[in-house]
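Please read the structure below before turning to the comments.
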């Protein structure tokens, strides 16, 4: 462990490679998907096990009720035939468990409150129709009995399985790699480290601390990007004594890396929403990022991109053919303009557009650089660009030149919604905070397009919009941006 720690300190101290692609932030982004994937599949296995367990318990409970009815125990009078019967009632209880958050996290595995709430909600969904036929009082009485019985049964079953899971984890090699951040000599640091490491499956890789010379020292917190990219960390724990600026920097790096982030203290942080309280009965922490949820959202986003881009390609195919013929007849050159752009984690891909400039215009870029309205080569925009063809003028005005990018979306290079793709050469001028925009796939449309397009000529303002998108991303945000894109196109603000 000592040799490994020494190696990591040396890695963190080395100067980064001159190539922008070797930047530690890009290196970390390239492995983030794998880390989020590990969290995601752990969550899938947990939810699958719990759902199977709950369903099995409900089936056994139903068979037991039928058995006692048949042996004449009096159950038939209290719970007549058809009561809570059928797959609908079983499904209702499972829906109630989802509603109560009984599958939300590992900490809810044997949560008495979540289980009883889920049983109560599920029973209410299954029994509410009995009010009309059997009356409110009769239904309410049975609802209380059923909720209590199911709650007790599910709690006992889950607790027994949880004990078996803990024993299995203690007997096998730890799978969750943890980095601790803070002062290991402070009270908060010691208590947080103990609370985390007594959880089954957790294994400490060492400390990022401003206090040097401690056991398992990995480096200063400012080296978090390099250390995370070298260790393949799953979880980062902030142990209290971390300055505000460094706190946010560590959370940003960990969230970009797809790590789970736990914190002793509540504080406003980047890339986190609605922190979730965790407790093992002895120590309370906050979970700031949810990589398994983010991985699930990534799956939903990719599925939506495939379905959406495929449907649009088919629906718009007659228009695409007409536009292609128009470009071909208007000027000499290929119909499709292909250009290298930078995508997620700095990966280079060929972006497709309808050609809007005369053939060879890209090689003449230096000749018109003085006309760039923004003054920033990373935002190269020229009103009334002399290289643009007649067809290209209208295509750009109505953003029709972007339609071939639907093929990039279908192939997975881009997303329907995301930051604007830039050139690889622009990476050389990137500051550290600019790389946040490369944590997601570039989009055909995005915050920049719906809030001004080429009218926004300040690169930092573009970065702020991209950062806002990354931090607030959700499926509903994508839908809102897509719905706002068409009005933005018709307004033609900044379109040239």
**OP:** Return yes when residue 188 is at pLDDT 85 or above and either assigned to a loop (DSSP other than H, G, I, E, B) or more than 19 Å from residue 106 (Cα to Cα) (or both) and no when it is not.
**Re:** no
Original post:
For region 96-151, how many residues are out of contact with any helix residue (DSSP H, G or I) (no Cβ under 6 Å at 6 or more places or on another chain) and either outside the structural domain of residue 166 (by TED's automatic domain parsing) or within 22 Å of residue 292 (Cα to Cα) (or both)?
Top reply: 6
**OP:** Kindly indicate whether any position in region 407-424 is in the same structural domain as residue 337 (by TED's automatic domain parsing), in contact (Cβ under 8 Å) with a residue 12 or more places away in the chain, under 29 Å from residue 318 (Cβ atoms) and more than 25 Å from the chain's Cα centre (by Cα).
**Re:** no
Original post:
Just one of the numbered conditions (1) more than 23 Å from the chain's Cα centre (by Cα); (2) modelled with pLDDT under 85; (3) crowded, with 23+ Cβ neighbours inside 10 Å is not true of residue 288; which one?
Top reply: (1)
**OP:** Report, by residue number, each residue of region 207-240 that is touching a strand residue (DSSP E or B) at 6+ places or on another chain (Cβ under 8 Å), part of a loop (DSSP other than H, G, I, E, B) and within 24 Å of residue 433 (Cα to Cα).
**Re:** 209, 220, 232, 233, 234
Original post:
What do you reckon, is residue 455 exposed (fewer than 15 other Cβ atoms within 10 Å of the Cβ), at pLDDT below 85 and on the phi < 0 side of the Ramachandran plot?
Top reply: yes
Subject >> Residue list for region 333-383, restricted to those being under 23 Å from residue 323 (Cβ atoms), part of a loop (DSSP other than H, G, I, E, B) and modelled with pLDDT of 70 or more >> reply: 333, 334, 335, 355, 356, 358, 359
Original post:
Is it fair to say residue 71 is more than 19 Å from residue 235 (Cβ to Cβ) and at pLDDT below 85?
Top reply: yes
Original post:
residue 155 fails exactly one of the following numbered conditions: (1) crowded, with 16+ Cβ neighbours inside 10 Å; (2) within 30 Å of the chain's Cα centre (by Cα). What is the number of that condition?
Top reply: (2)
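With 180, 164, 150 as the choices, which residue is at negative phi, in a helix (DSSP H, G or I) and surrounded by 13 or more Cβ atoms within 10 Å (Cβ to Cβ)?
Result of the check over 180, 164, 150: 150.
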Original post:
Taking residue 182 and the conditions (1) in the same structural domain as residue 253 (by TED's automatic domain parsing); (2) within 21 Å of residue 108 (Cα to Cα); (3) in contact (Cβ under 8 Å) with a residue 60 or more places away in the chain; (4) touching a helix residue (DSSP H, G or I) at 6+ places or on another chain (Cβ under 7 Å), which numbered condition does it fall short on, given that it satisfies the others?
Top reply: (2)
Original post:
Is it true that some residue in region 193-202 is under 19 Å from residue 286 (Cα atoms), touching a helix residue (DSSP H, G or I) at 6+ places or on another chain (Cβ under 7 Å) and outside any loop (DSSP other than H, G, I, E, B)?
Top reply: yes
Subject >> Qualifying residues in region 425-440 (those that are crowded, with 18+ Cβ neighbours inside 10 Å and under 23 Å from the mean Cα position of the chain (by Cα)) - the one nearest to residue 483 (Cα to Cα) >> reply: 440
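The values are calculated or read from the model by the stated rules, or taken from the named source; none is laboratory data. This is a predicted model, so every value here is computed, not measured. All Cβ positions, glycine included, derive from the backbone under ideal geometry; neighbour counts span all protein chains shown.
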